[in-house]
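The values are calculated or read from the model by the stated rules, or taken from the named source; none is laboratory data. Quantities reported herein were computed from a predicted structural model and do not represent experimental measurements. Glycine gets a Cβ as well: all are built from the backbone with ideal geometry, and neighbour counts include every protein chain shown.
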Amino acid sequence: MKEKIAVAILNWNGKALLEKYLPGVVEDSKPHPVYVIDNDSGDDSVAYVEEHFPEVQIIQTGENLGYAGGYNEGLKPLKEKYAVLLNSDVRTTPGWLEPIMGHFEKYPNCGAVQPKIRWDREPEKFEYAGASGGFIDALGYPFCRGRVLHELEVDGGQYNDARPVFWATGACLAVNMDAFERAGKLDPMLFAHMEEIDLCWRMQRAGYAVWVEPKSEVYHLGGATLNADSPRKTYLNFRNNLIILVKNLPQLRAMGVVFARLILDGIAGVKFVLEGKPKHTLAILQAHFAFYGRFTKIQRTRMSYNGLPLLPLKKLQGTYAGSMVWQFYARGHKHFSAFFK
């Protein structure tokens, strides 16, 4: 059992997605086991899996614990050495697990690895949630090889090399379970969005590497739980980005970056108003107040991960020393390759 890799799909009222994607996942993942972790669904998605896929093991959390809490609870019974945290709206490809397994075996220090991820709606393009590996800039803004802000590149093979990155996509996140435990698992305080960035950041702090392995390729629908136009998604992204900065940066650097981010968030709020999206501006304000309200708890969390060192970003892989936002808006650099010339 220990040499196997498990595929763990978190589900919440996702029968339609399971009907569409689970048959392919089960077929493409053989002979490795597939689990469905159910976050207390109110539909009949569990009954659907039990009837049509008896070989798929179902783990029930008993309540909706979000992405982080759901996986933390649902992964407990697994005995495999590696696990892929797979969204229910991901289309896999034949043999997709073999390059991931091979990568873990080749690089024992690899804590997490993602495949190349393309958009299931427009398959020629990279997908927003991870593309070909995640990066972060000096102010904590995440971006990807193949996706900068809202701009998606067409995949022409330009990012087909395996390499260390800063974060791997939560849509298809393969983890070494020992590294997952050592880094402190996912943070339930985040509930959903950016928890994979936080986890990968802590994995690097613990001495592990995070990689992308483009020999493995999957297609992600995206927006199945919260679409890009959802104020709730705006709230979670802005709140959680501030939280993970305070959690993982050295104290003085964290305060400087957060101060700059609060100003830039204000500018983003004005931009939303001008675009006729006042609910998103309100979501940013709510995110800031939620961040302030949790500040003491976040501070306590900083040192609660087995004594992991707080390191400046420049000491970690997959970082960009400048401002991605400045490069995008002021210099018109909308492709990842323009950032590292």
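Quick notes
- Near pairs, Cβ below 9 angstrom, 6+ apart or cross-chain, from the range 56-77 (on the phi > 0 side of the Ramachandran plot and assigned by TED's automatic domain parsing to the domain that holds GLU196) to any residue that is acidic (Asp, Glu) and not in a helix (DSSP H, G or I): GLY62/ASP40
- Exactly one residue among ALA179, ALA183, ALA162 is surrounded by 19 or more Cβ atoms within 10 Å (Cβ to Cβ) and over 17 Å from the mean Cα position of the chain (by Cα), and that residue is ALA162.
- In the range 98-135, the qualifying residues are those that are among the hydrophobic types (A, V, I, L, M, F, W, C), out of contact with any Leu (no Cβ under 7 Å at 6 or more places or on another chain) and at pLDDT 95 or above, and the one that is surrounded by the most Cβ atoms within 10 Å (Cβ to Cβ) is ILE117.
- Of all residues in the range 141-157, those satisfying the criterion of being in a loop (DSSP other than H, G, I, E, B) and surrounded by fewer than 22 Cβ atoms within 10 Å (Cβ to Cβ) are TYR141, LEU149, HIS150, GLU153, GLY156, GLY157.
- Test for ASN87: is it surrounded by 18 or more Cβ atoms within 10 Å (Cβ to Cβ), out of contact with any Lys or Arg (no Cβ under 8 Å at 6 or more places or on another chain), in contact (Cβ under 8 Å) with a residue 12 or more places away in the chain and in the same structural domain as ILE37 (by TED's automatic domain parsing): yes
- Filtering the range 269-307 to residues that are in a helix (DSSP H, G or I), surrounded by 16 or more Cβ atoms within 10 Å (Cβ to Cβ) and not β-branched (Val, Ile, Thr) leaves GLY269, PHE272, HIS280, LEU282, ALA283, GLN286, ALA287, HIS288, ALA290, PHE291, ARG302.
- Residue in the range 212-232 that is more than 23 Å from LEU262 (Cα to Cα), touching a Pro at 6+ places or on another chain (Cβ under 7 Å), part of a helix (DSSP H, G or I) and not assigned by TED's automatic domain parsing to the domain that holds LYS279 present: no
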